[in-house]
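Notes follow the structure.
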Amino acid sequence: MTTGTLGSRQLHNRALLGVLLMIGGLALYPLADAFIKHLMGTYSVQQSTFLRALGRFIPLFIATFFQGGPRSVLSTKHPGRHSVRLLVNLCYTYAFMYAFSMGSLTVIYTVSYSSPFFMILLSALILKERIGALRWIAVIIGMAGIIVAMRPNANVFEIAAILTLFGTFLGALNKILMRRLAATEHSLAIALYPNIVMILVTLPFLLTQWKSMPLAHWGLFGIVGLLTAAGQYAIAQALRFTQASILAPIDYSTFFWVVAIDFFWWNKSPETGTLLGAAIIVCSNLFILYCARREQTKKAAIATRLG
């Protein structure tokens, strides 16, 4: 089923597929962020950002040859929309990269869970999506679960957290702009353009900030690129299939990957409060999915009666 056709591409309404793609795409980011934070102990923000973008660009560019070629994929009907989105993405990326260089993953991810509020607000204002009261309640419950699980303290208000809050707002706006572009643009183009811009912007800084790297670190940056490229593409596809306001609470799913990374990488086990918060988050997300499915069922029933 489709909600309509804009230009030559269709914006589909397939909530379950979109949710699964979003969960999968988001799962790749905590692992990539852990690698990046590890590497940023040695290399500058500019060099790390450049290599992160380059690592994403290479697999995405190769993928264009399996989707009709670079010219076909990168052609656009809305250069202005791309330009606005690219500026937002640039600021969003730098906010998070500097935050990673200063603060802990716990602080950064705790603050970043404010994204659903920004996402739902922007969905209503920009995309004119109807936000039901039940979804608002589910998001608030999910945020309460995050507070129970993470128990943020005064350190949340450090500079890294302020940068993260700013970046989270821009990240929500970035997703809204991605959804608008997804109606007419190729998903690979939506994922490729930000990395091209990031490479061009950071390249001049490397003339004075480049630090030589061992082969192992090149490999780690390559892994980061593959992980985030796959995540970008999955999220772009998710936004094609599902309303942004439905996908917003799925940001919570990264919590489970952060817990797993803490346990397997740094040997840190979750506490009772963490597990309780996780249970609240799961229930919140399941309720969001239930609401989405119920709305789709009602729409299908109405369409059948009218047809």
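The values are calculated or read from the model by the stated rules, or taken from the named source; none is laboratory data. Nothing here was measured: the structure is a model prediction, and the numbers come from that model. A quick note on method: Cβ atoms are made from the backbone with ideal geometry, for glycine too, and the neighbour counts reach across all protein chains shown.
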Discussion item. Among the residues that make up region 240-250, is at least one of them buried (at least 18 other Cβ atoms within 10 Å of the Cβ) and basic (Lys, Arg)?
Written reply: yes
Discussion item. It is to be established whether one or more residues within region 85-98 are surrounded by fewer than 15 Cβ atoms within 10 Å (Cβ to Cβ) and polar (S, T, N, Q).
Written reply: no
Fill in: Counted residues, region 64-81 - those being part of a helix (DSSP H, G or I) and at pLDDT below 90
8
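Can you tell me which of Leu192, Leu206 is touching a residue at least 40 places away in the same chain (Cβ under 8 Å), assigned to a helix (DSSP H, G or I), in contact with a Phe, Trp or Tyr (Cβ under 9 Å, 6 or more places away or on another chain) and over 22 Å from Leu74 (Cα atoms)? Reasoning before the result, please.
Working: Leu192 fails: over 22 Å from Leu74 (Cα atoms).
Step by step, each of Leu192, Leu206 is checked, and only Leu206 is touching a residue at least 40 places away in the same chain (Cβ under 8 Å), assigned to a helix (DSSP H, G or I), in contact with a Phe, Trp or Tyr (Cβ under 9 Å, 6 or more places away or on another chain) and over 22 Å from Leu74 (Cα atoms).
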Practice prompt. Give the residues of region 150-164 that are modelled with pLDDT of 65 or more and surrounded by 19 or more Cβ atoms within 10 Å (Cβ to Cβ), sorted by residue number.
Written response: Ala160, Ala161, Leu163, Thr164
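For region 109-130: of the residues being free of Cβ contacts under 8 Å to residues at least 60 places away in the same chain and in a helix (DSSP H, G or I), which is farthest from Met143 (Cα to Cα)?
To start, the set of residues in region 109-130 that are free of Cβ contacts under 8 Å to residues at least 60 places away in the same chain comprises 110-111, 114, 117-118, 121, 125-126, 128, 130.
Now narrow it down to the ones that are in a helix (DSSP H, G or I): 110-111, 117-118, 121, 125-126.
Numbers: Thr110: 10, Val111: 10, Phe117: 9, Phe118: 13, Leu121: 15, Leu125: 21, Ile126: 23 Å.
Per the criteria, the residue is Ile126.
Can you say whether Ile146 is of a type in the set (Val, Ile, Thr), at pLDDT 75 or above and in a helix (DSSP H, G or I), as far as the supplied structure shows? Steps first, answer last, please.
On the way: of a type in the set (Val, Ile, Thr): yes; at pLDDT 75 or above: no; in a helix (DSSP H, G or I): yes.
Against the criterion (of a type in the set (Val, Ile, Thr), at pLDDT 75 or above and in a helix (DSSP H, G or I)), Ile146 does not qualify.
Quick check on Leu226: is it at pLDDT 90 or above and more than 17 Å from Ser75 (Cβ to Cβ)?
Numbers: at pLDDT 90 or above: no; more than 17 Å from Ser75 (Cβ to Cβ): yes.
So Leu226 fails the test.
Scanning region 178-208 for residues that are polar (S, T, N, Q) and modelled with pLDDT under 85, which turns out surrounded by the most Cβ atoms within 10 Å (Cβ to Cβ)? Don't jump to the end; show me each part of the working.
Kept after step one, since they are polar (S, T, N, Q), are these residues of region 178-208: 184, 187, 195, 202, 208.
In the following step, the residues that additionally are modelled with pLDDT under 85 were identified as 184, 187.
On the way: Thr184: 17, Ser187: 24.
Only one residue fits best here, namely Ser187.
Can you name every residue in region 18-71 that is basic (Lys, Arg) and under 24 Å from Ala160 (Cα atoms)? Show your work before the answer.
Within region 18-71, the subset basic (Lys, Arg) is 37, 52, 56, 71.
Result: Lys37, Arg52.
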